[in-house]
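Some notes on the structure that comes next.
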Amino acid sequence: MPSGSPHHRWTLVSRVMVGVLSLLALGGIVVALASFAYGRSAARQAFDPLLVGAAQDIAESISISQGEPVIELPVSAFGLLSLAPDDRIFYAIHGPDGTLLTGYDGEAMPEWSGDPAQPRYRDGTLQDDAARFVTVSRLFSERAYSGRVFVTVGQTMRARHAMALDLTRRALFLTALGGIALIVSAFLVIRSAMRPLAVLTRDLMHRDPYDLTPMQAGGPAEVTIMVGAMNRFMGRLDRQVGAMKNLISDTAHQLRTPVAAIRAQAELALEDDAPRVPQRLERLVLRTRSLGTLLDQMLSRALVIHRIDNAAPTPIDLRDIALTVLDSRDHEVLAPGKDVQLQIGEDAVTVMADEISLTEAVRNMLINALRHGTAPVIIGVSTVDDVAAIWVQDTGPGPPAEVRATIGQRFERSAASKGNSAGLGLSIVAAVARAFEGEMTMANVPGGFRVSLTLPLQTAEETP
């Protein structure tokens with residue numbers, strides 16, 4: 001089975017729990033090491049004073065008699081060390097010259113530096129067992145005997161190790177209890193935090209495949225952001241599906257009549273007398289042109305709707321759009337002899353939009369003016385405050401007010417079109433304007449009738 005199979009993918013809860021467990025395990029290791037270090041430190045702080053006390057008791061019991069040190073080992077010194085019954089003890093007393101006065105041989109007197117009144121600690125071995133030693137000194141200043149006597153006391157470290165391990169076990173036990181409580185709490189908190197995702201998943205699984213309505217954006221901010229992104233995606237998908245449905249429906253509905261008319265004219269041309277054939281062919285050509293115009297505008301509208309949802313807006317100079325439409329010279333084919341002029345300024349007029357969509361919109365504005373307006377026709381670009389406009393103006397009066405209210409809707413034709421319009425040209429302009437937060441306006445101006453596509457103007461600071 002491929003590694004990307006859903007059966008091999010971890011859930012979000014399991015991933016978070018693994019992360020939490022990893023952190024707890026790492027923390028447990030750190031706590032264990034810290035606990036053992038603390039146990040050793042605590043054991044040393046507990047047993048070192050016993051060693052020092054025993055050594056000092058022995059040192060205090062030393063006296064000088066006839067110029068020689070006399071040592072009477074006190075029972076109390078070994079009583080302190082007997083608190084660790086499983087440990088062996090060691091003692092040795094050295095004279096000022098390092099000579100062993102009494103005790104066990106085999107442990108040399110340590111090198112002495114610094115303050116002689118302070119005890120000296122060291123770690124070593126006692127019969128192959130780890131041991132801890134301390135050395136204290138006592139100064140004698142008598143006529144018959146002068147110098148320091150050094151007392152060394154040692155003890156194996158079994159009790160120390162046992163104490164350190166016991167403290168470590170206690171700390172680890174408490175840490176384990178706390179870790180278990182944290183794991184259970186983390187699991188419950190994570191499950192609670194993931195519940196909105198589970199609800200969202202359940203809603204998606206039970207949603208009809210054709211239901212592209214927005215989902216309810218509830219729960220934490222992260223889930224709300226995700227639901228908002230999904231709703232925007234479904235909105236784009238809904239528009240794409242709607243455009244496809246409209247294209248199919250429009251194709252089925254709008255093409256039926258012109259195709260039937262073309263077939264009828266062709267059949268009549270075959271059956272009519274020879275003198276009437278040119279007239280039939282002329283009507284056939286007109287019907288064919290009308291069908292071509294319809295198909296061209298339907299495909300143009302489908303292209304614009306598709307690019308609106310899929311092409312990211314980019315900075316565009318409206319003057320470039322006007323120049324592109326004029327340089328294409330479509331007007332020379334559609335309306336030979338009609339004058340088309342250009343009116344743009346020297347400063348850039350930048351908007352955020354899609355170049356192809358804007359070009360299609362302006363081209364349809366020009367075609368509409370050439371077919372239904374009065375020459376000359378002007379393509380212009382202008383700005384008013386923070387609004388940019390690209391417009392097409394002819395010298396005619398424009399359609400009546402009641403007709404203007406419906407112009408811009410799909411397949412709306414005016415009476416003046418005389419069957420030469422598919423009713424889609426200005427609907428494309430309106431769709432492009434809505435897509436980029438603009439507006440399509442129609443108004444009588446001095447010198448004629450103007451159709452404008454207005455968009456928010458981008459200043460130099462706003463342009464990315």
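The values are calculated or read from the model by the stated rules, or taken from the named source; none is laboratory data. Everything numeric here is computed off the predicted structure, so don't read it as measured data. Heads up, the Cβs are rebuilt from the backbone with ideal geometry, glycines too, and the neighbour counts pull from every protein chain shown.
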I need every pair where a residue in the stretch 341-365 that is under 12 Å from ALA433 (Cα atoms) has its Cβ under 6 Å from the Cβ of a residue that is among the aromatic types (Phe, Trp, Tyr) and in a loop (DSSP other than H, G, I, E, B), sequence separation at least 6 or different chains. ALA353/PHE436
State yes or no: is LEU182 modelled with pLDDT of 80 or more and either over 23 Å from PHE47 (Cβ atoms) or crowded, with 17+ Cβ neighbours inside 10 Å (or both)? yes
Could you please let me know if ARG143 is more than 25 Å from ARG40 (Cα to Cα), among the charged types (D, E, K, R) and not in a loop (DSSP other than H, G, I, E, B)? no
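Conditions (1) hydroxyl-bearing (Ser, Thr, Tyr); (2) surrounded by fewer than 17 Cβ atoms within 10 Å (Cβ to Cβ); (3) on the phi > 0 side of the Ramachandran plot, marked per residue:
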| site | (1), (2), (3) |
| --- | --- |
| ILE64 | no, yes, no |
| SER76 | yes, yes, no |
| LEU80 | no, no, no |
| GLY103 | no, no, yes |
| TYR121 | yes, yes, no |
| LEU126 | no, no, no |
| VAL136 | no, no, no |
| SER146 | yes, yes, no |
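Just the residues that are surrounded by 13 or more Cβ atoms within 10 Å (Cβ to Cβ) and of a type outside the set (A, V, I, L, M, F, W, C), please, taken from the stretch 328-345.
Restricting attention to the stretch 328-345, the residues satisfying the condition of being surrounded by 13 or more Cβ atoms within 10 Å (Cβ to Cβ) are 328, 330-331, 334-335, 338, 340, 342, 344.
SER328, ASP330, HIS331, LYS338, listed by residue number.
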Would you confirm whether any residue within the stretch 275-293 is surrounded by 13 or more Cβ atoms within 10 Å (Cβ to Cβ) and among the acidic types (Asp, Glu)? no
Any hit, the stretch 166-178, residues being free of Cβ contacts under 8 Å to residues at least 40 places away in the same chain, closer than 30 Å to PRO220 by Cα and not basic (Lys, Arg): yes
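Just to check your reading of the model, which residue among LEU197, LEU204 is in contact with a Leu (Cβ under 9 Å, 6 or more places away or on another chain), at pLDDT below 85 and not assigned by TED's automatic domain parsing to the domain that holds LEU24?
Values: LEU204 fails: in contact with a Leu (Cβ under 9 Å, 6 or more places away or on another chain).
So the residue among LEU197, LEU204 that is in contact with a Leu (Cβ under 9 Å, 6 or more places away or on another chain), at pLDDT below 85 and not assigned by TED's automatic domain parsing to the domain that holds LEU24 is LEU197.
Of all residues in the stretch 198-218, which are part of a loop (DSSP other than H, G, I, E, B), of a type outside the set (Lys, Arg) and either on the phi > 0 side of the Ramachandran plot or out of contact with any helix residue (DSSP H, G or I) (no Cβ under 6 Å at 6 or more places or on another chain) (or both)? Let's see the steps before the verdict.
Within the stretch 198-218, the first condition is being part of a loop (DSSP other than H, G, I, E, B), and the residues that meet it are 207-218.
The next check asks that each one be of a type outside the set (Lys, Arg); those that pass are 208-218.
Result: ASP208, PRO209, TYR210, ASP211, THR213, GLN216, GLY218.
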Of residues in the stretch 346-377 being crowded, with 19+ Cβ neighbours inside 10 Å, touching a Lys or Arg at 6+ places or on another chain (Cβ under 9 Å) and at pLDDT 90 or above, the one nearest to MET442 (Cα to Cα): VAL377
Could you look through the stretch 286-325, keep only residues that are small (Gly, Ala, Ser) and assigned to a helix (DSSP H, G or I), and pick out the one that is modelled with the highest pLDDT? ALA322
